[in-house]
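Following: one structure in structure tokens, then a few remarks.
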Amino acid sequence: MVAESQPGHIDQIKQTNAGAVYRLIDQLGPVSRIDLSRLAQLAPASITKIVREMLEAHLVQETEIQEPGSRGRPAVGLMVETEAWHYLSLRISRGEINLALRDLSSKLVVEEQQELPLQSPQPFLERVIQHIDAFFIRHQQKLERLTAIAITLPGIIDTENGIVHRMPFYDDVKEMPLGEALESRTGVPVYIQHDISAWTMAEALFGASRGARDVIQVVIDHNVGAGVITDGRLLHAGSSSLVEIGHTQVDPYGKRCYCGNHGCLETIASVESVLDLTQVRMKQSMSSMLHQQPLTVEWLCQAALLGDLLAKDIISGVGTHVGRILAIMVNLFNPQKILIGSPFNLASDILFPAIGACIHQQSLPAYSKHIAVESTQFLNRGTMTGAALVKDALYNGSLLIRLLQG
Ligand SMILES: [Zn+2]
């Protein structure tokens, strides 16, 4: 058994080392081989070998670095080579599909948003494949070598096997083998992740939580959910689990939720629920300025900022409901930072203090004292979420090894 598992073990070490070296070059480049050896804690001979393979595959390139103040021969530094490598980043959300080509530095080559109606006689998987095929045809002039496909979407997902068990909004999705279907069609690896988990990774890699070891990111949108980074790693990465705060009961007598329970946070704080509640309360408050325009999230937030009492009360109500659950999470995870990703962030001056007040009153003072509630850097649209999956697959070596093998 030991002999049999040996090659796999060596491959795993090679993959991990290559990923670690690539990460250092990507984050610090141009960087010398000597510095790489020191930072990666690998022998110079190992660095030489890994770098040689990456140079031959055109994943890194050499450049001259002139040390400041030195008059000697410039040293040779290494930088990643990213422009000739593209990947498809895909995001599916309520009623729409975003498709983008990015290069390996995550830079956008082209991005499009298309409608994906909630109801259709055509199966969901077929519709997605059609969108991808049409996108590739439209942009084949721009396409460099395709390395991977990254997909983020809401739902219950087996990320390991690329199977989407269920999706909100699209009722016909059941046990959809999305990963396998796309992999066999394109021959490139397919990475699938829940969009809130992927967004949490994106903020950690490129956005508002960069450098933080412990983070809670809460998304309040059509769905309500959270991503947790604990000691620098995404909680539940690689499994189908999500931090399901949206399905925590906040009102035992509340509305029935699609999950089967009653009064879940999502039935109270999701965008649709909040707009429904606002409609009901507007009937009892004829003096509210909300009556002046058709009700949207933007108008609700704007009215709240203009001092409308009903609008303010609705927004701080969202903050209080979310804050109560967050206070429990603070006691569990002791984060440095809490990020809120929501269209309600337009009224962050009202929303964030309401959330902060709950946390300060209801969680351990030693934990809550230093916590800042901040906005995510990215909005809940576009394809940065998929960029995080590809970056992660390069850094952990899994995608890198495939690219090295050609
Ligand atoms: Zn629920």
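Here is how the numbers come out for the structure above:
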| item | result |
| --- | --- |
| Among (1) within 24 Å of Ala393 (Cα to Cα); (2) more than 16 Å from the ligand (Cβ to nearest atom); (3) of a type outside the set (S, T, N, Q); (4) touching a residue at least 24 places away in the same chain (Cβ under 8 Å) - the single one Gly211 does not satisfy | (4) |
| Sole exception among (1) farther than 30 Å from Ala212 by Cβ; (2) of a type in the set (D, E, K, R); (3) within 13 Å of the ligand (Cβ to nearest atom) for Arg281, by number | (3) |
| Checking Met286 against (1) part of a loop (DSSP other than H, G, I, E, B); (2) within 16 Å of the ligand (Cβ to nearest atom), the condition it does not meet | (2) |
| Residues being away from the ligand (no atom under 16 Å from the Cβ), under 16 Å from Val330 (Cα atoms) and among the charged types (D, E, K, R) - total across the stretch 228-250 | 1 |
| Single match in Val31, Val80 (criterion: β-branched (Val, Ile, Thr), in contact (Cβ under 8 Å) with a residue 12 or more places away in the chain and closer than 28 Å to Tyr191 by Cα) | Val80 |
| Verdict on His291 being more than 24 Å from Leu265 (Cβ to Cβ) and part of a loop (DSSP other than H, G, I, E, B) | no |
| Sole exception among (1) within 21 Å of Val373 (Cβ to Cβ); (2) of a type outside the set (A, V, I, L, M); (3) within 12 Å of the ligand (Cβ to nearest atom); (4) in a helix (DSSP H, G or I) for Gly225, by number | (4) |
| Restricting the stretch 251-276 to residues that are farther than 20 Å from Leu326 by Cβ and in contact (Cβ under 8 Å) with a residue 24 or more places away in the chain, the residue that is nearest to the ligand (Cβ to nearest atom) | Tyr258 |
| Qualifying position, being in contact with a strand residue (DSSP E or B) (Cβ under 7 Å, 6 or more places away or on another chain), within 23 Å of Ser89 (Cα to Cα) and either of a type outside the set (A, V, I, L, M) or surrounded by 18 or more Cβ atoms within 10 Å (Cβ to Cβ) (or both), among Glu180, Glu175 | Glu175 |
| Single residue of Gly307, Gly317 found to be in a loop (DSSP other than H, G, I, E, B) and modelled with pLDDT of 95 or more | Gly307 |
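The values are calculated or read from the model by the stated rules, or taken from the named source; none is laboratory data. As the structure is a computational prediction, the values presented were derived from the model and not from experiment. In this analysis, Cβ positions are derived from the backbone assuming ideal geometry, glycine residues included, and neighbour counts consider all displayed protein chains.
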